[in-house]
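Colleague: Following this message is one structure expressed as structure tokens.
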Amino acid sequence: MHINAVQTKEDDEQELIRLAQSGDGAAFGQLYDRYLPSIYRYTYSKTSSRSAAEDLTSETFLRAFRAIARRPRAQLNFAAWLVTIARNVVIDHHRSGWSRLAIVTDEVDPQVDESIGPEQAALASVGEASLRGAMTRLPDDQRECLLLRFFAGLSISETATAMDRTDGAIKQLQFRATNRLRRILKDL
């Protein structure tokens, strides 16, 4: 991607943010469409429940929509700000009793991807279960770094902003986390 294309995308996003801050619902809708998949992946990675992830993703965007007009007009790192909101929504969710109900609900109504065969679905669930188990054995900051980078799809810079660290610190944290995760998975 050329520097001009990157700059144009950043300028486009800043314009959407500016319009959304002034009350333009369509501009916020475009930001919603752009970030919905990454916020859903993030909330799902924190809950292991599709229904809870959908609810938490909706709550994240609702809070963002209500608060965007109060954000400073200067450059807003929208992805990092949105993940911060999502983190708070997930924390609120886990503090309430709703998280246990969501897990039970998901067990009663399983979501099956019918585009893959039963063998692939079984292998995927075993792989996902192993990865989830290994992730729980990481220190909190390493787990959060990997979730933001690979589940939420944030860049190094966006992850640094969301975790209130420098880009270099995130690179080191990600390196240590992936090495540790590799060792954990190897021992399983």
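Colleague: Return yes or no: is residue 70 modelled with pLDDT of 70 or more, open to solvent by 70 Å² or more (accessible area, probe 1.4 Å) and either under 24 Å from residue 13 (Cα atoms) or of a type outside the set (Lys, Arg) (or both)?
Modeller: yes
Colleague: Hey, another quick one. Across the stretch 42-52, what is the number of residues that are under 9 Å from the mean Cα position of the chain (by Cα) and surrounded by fewer than 17 Cβ atoms within 10 Å (Cβ to Cβ)?
Modeller: Looking only at that region, the number is 0.
Colleague: Just to check your reading of the model, which residue among 82, 62, 56, 36 is part of a helix (DSSP H, G or I), modelled with pLDDT of 90 or more, within 30 Å of residue 136 (Cα to Cα) and touching a His at 6+ places or on another chain (Cβ under 7 Å)?
Modeller: Sole residue among the options that is part of a helix (DSSP H, G or I), modelled with pLDDT of 90 or more, within 30 Å of residue 136 (Cα to Cα) and touching a His at 6+ places or on another chain (Cβ under 7 Å): 56.
Colleague: Looking at 152, 177, 162 in this structure, which one is modelled with pLDDT under 85, open to solvent by less than 50 Å² (accessible area, probe 1.4 Å) and under 19 Å from the mean Cα position of the chain (by Cα)?
Modeller: Exactly one residue qualifies, and that residue is 152.
Colleague: In the stretch 146-188, what count of residues is obtained for those that are in a helix (DSSP H, G or I) and over 12 Å from residue 83 (Cα atoms)?
Modeller: 25
Colleague: Quick check on the stretch 18-33: of everything there that is part of a helix (DSSP H, G or I) and polar (S, T, N, Q), which residue is most open to solvent (accessible area, probe 1.4 Å)?
Modeller: Residue satisfying both the conditions and the ranking: 30.
The values are calculated or read from the model by the stated rules, or taken from the named source; none is laboratory data. Since this is a predicted model, take the numbers as computed values, not measurements. Quick reminder, even Gly has a Cβ in these numbers, built from the backbone with ideal geometry, and neighbours come from all protein chains shown. SASA here: full protein model, heavy atoms, side chains in, ligands and nucleic acids out. Shrake-Rupley method; radii C 1.70, N 1.55, O 1.52, S 1.80 Å.
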